[in-house]
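Okay, structure first, notes after.
The values are calculated or read from the model by the stated rules, or taken from the named source; none is laboratory data. Remember, it's a predicted structure, so these values are computed and weren't measured experimentally. A quick note on method: Cβ atoms are made from the backbone with ideal geometry, for glycine too, and the neighbour counts reach across all protein chains shown.
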Amino acid sequence: MINLFEKMKTGNKQQQEAYSAVKDLGILNDLLAYNPVLCGTFPIGINVKGSDLDIIMEVQELDLFEEKLQILYAYKDNLSLKRTTIRGKEVVIANFMFQDFEFELFGQDQPVHKQFAYLHMKIEYELLQRDPNLREKVISLKKQGYKTEPAFCRLLNINGDPFESLILFGVKEGIVQV
């Protein structure tokens, strides 16, 4: 897959501002050991007002990761750190504000290219390439309050849990392998 983050440098105004915020924060370098990848709506150009910057990482030692996040981002507005279990895996999620963007950092013991956020983005990107008219329809639903995966599922008539079902759809279409 092409480097969608670098494409943001020349994307729409909000993508360019998000690109600058990520670069100014230095987060991709500071957390390089965790293979950080920016996922979600910004890299594929379906962001709306209030969209956050999702950065996923592969983390084996959650305690050390949590400590590192606390050290690096303690001074950021509205920093929150939490541990939870998602699909049977313990994760650390950090949220904070920087340059008017909400950042969400997600760490789990799984390679980034196998995490749901990455797989969803890869599927959504491919679907947008196949049908460019889908972009405005997804953005319209997002402006109505839909999350990204449910918006795609609604438009593609995919039933069930949108997070699981979109992955199954991507596998069936040959976009991703799990």
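Remarks
- Of all the numbered requirements in (1) surrounded by 13 or more Cβ atoms within 10 Å (Cβ to Cβ); (2) within 30 Å of Asp77 (Cβ to Cβ); (3) free of Cβ contacts under 8 Å to residues at least 40 places away in the same chain, Gln144 misses one, and that requirement is (1).
Here's the yes/no breakdown for (1) within 30 Å of Leu64 (Cα to Cα); (2) of a type in the set (A, V, I, L, M):
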{"site": "Phe101", "(1), (2)": "yes, no"}
{"site": "Val112", "(1), (2)": "yes, yes"}
{"site": "Glu126", "(1), (2)": "no, no"}
{"site": "Asn159", "(1), (2)": "no, no"}
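- Residue check for Lys114: among the basic types (Lys, Arg) and within 16 Å of the chain's Cα centre (by Cα): yes
- Within segment 73-124, considering residues that are touching a helix residue (DSSP H, G or I) at 6+ places or on another chain (Cβ under 7 Å) and acidic (Asp, Glu), the one nearest to Ile158 (Cα to Cα): Glu124
- Leu141 assigned to a helix (DSSP H, G or I), over 20 Å from Lys49 (Cα atoms) and not assigned by TED's automatic domain parsing to the domain that holds Leu38: no
- Filtered residue count, segment 160-178, keeping only those that are crowded, with 17+ Cβ neighbours inside 10 Å and outside any loop (DSSP other than H, G, I, E, B): 7
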